[in-house]
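FYI, it's all coordinate maths here, none of it is from the lab. Treat the numbers as computed from the prediction; the structure is a model and nothing was measured. Ideal geometry is used to build each Cβ from the backbone, glycine not excepted, and the neighbour counts take in all protein chains shown.
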Amino acid sequence: EMVGDKSVRQIFLNNVNAHYNEKQYQHLAEQLVQSMDTGGRVKLQWTDELEFDIKTQTSHPRGHIDGPSLEKALMEAAKKSGRTVTAVKDMPPVDYNYGITPSKDVTVTPDKPLTAEQRKGVTDPVPKFHWDFIFN
């Protein structure tokens, strides 16, 4: 256990690449229901834009934690615990600047970024959706 019961007022999950399955969403939801204080808020942002892999030259889902999947899991976890969670949907995303620096590619470092040719097809993970979950 990282934090105490009902001790967290706010968490911001921003473009978290998790590739969660249903069981993993359920585990996350159970932890949030246990940890979030009354009136606490989980701010969630994600995008459904594909990620381009420069090595394989293919696109694939980023696997961000997404609102509909987390909402389903939170509602189930809240019901079991006797709590309620309200989803506030379609909020404007909070804009953040992102850069692409593949951590596993030893040829790309902060002093040697991707070339224009390597960046073809690469899109930064700009948040497209923003939902808040409020715990009672």
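So the values come out like this:
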quantity: In segment 1-60, the residues that are under 16 Å from Ser81 (Cα atoms) and either among the β-branched types (Val, Ile, Thr) or in contact with a His (Cβ under 8 Å, 6 or more places away or on another chain) (or both); calculated: Val33, Thr38
quantity: Residue in segment 48-68 that is surrounded by the fewest Cβ atoms within 10 Å (Cβ to Cβ), counting only those that are of a type in the set (Gly, Ala, Ser) and out of contact with any Asp or Glu (no Cβ under 8 Å at 6 or more places or on another chain); calculated: Gly63
quantity: Hits in segment 39-61 (condition: farther than 19 Å from His19 by Cβ and in contact with a Lys or Arg (Cβ under 7 Å, 6 or more places away or on another chain)); calculated: Gly40
quantity: Segment 12-65, residues that are basic (Lys, Arg) and under 17 Å from the mean Cα position of the chain (by Cα); calculated: Lys23, Arg41, Lys43, Arg62
quantity: Matching residues in segment 1-44 - criterion: being among the polar types (S, T, N, Q), without any contact (Cβ under 8 Å) to a residue 60 or more places away in the chain and buried (at least 16 other Cβ atoms within 10 Å of the Cβ); calculated: Gln26, Gln34, Ser35
quantity: Flag for Gly4 being over 18 Å from Asp124 (Cβ atoms) and within 11 Å of the chain's Cα centre (by Cα); calculated: no
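Yes/no matrix, rows are residues, columns are (1) out of contact with any Gly (no Cβ under 6 Å at 6 or more places or on another chain); (2) among the basic types (Lys, Arg):
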| position | (1), (2) |
| --- | --- |
| Ser35 | yes, no |
| Val42 | yes, no |
| Glu49 | yes, no |
| Phe52 | no, no |
| Thr58 | yes, no |
| Arg62 | yes, yes |
| Ile65 | yes, no |
| Pro68 | yes, no |
| Glu71 | yes, no |
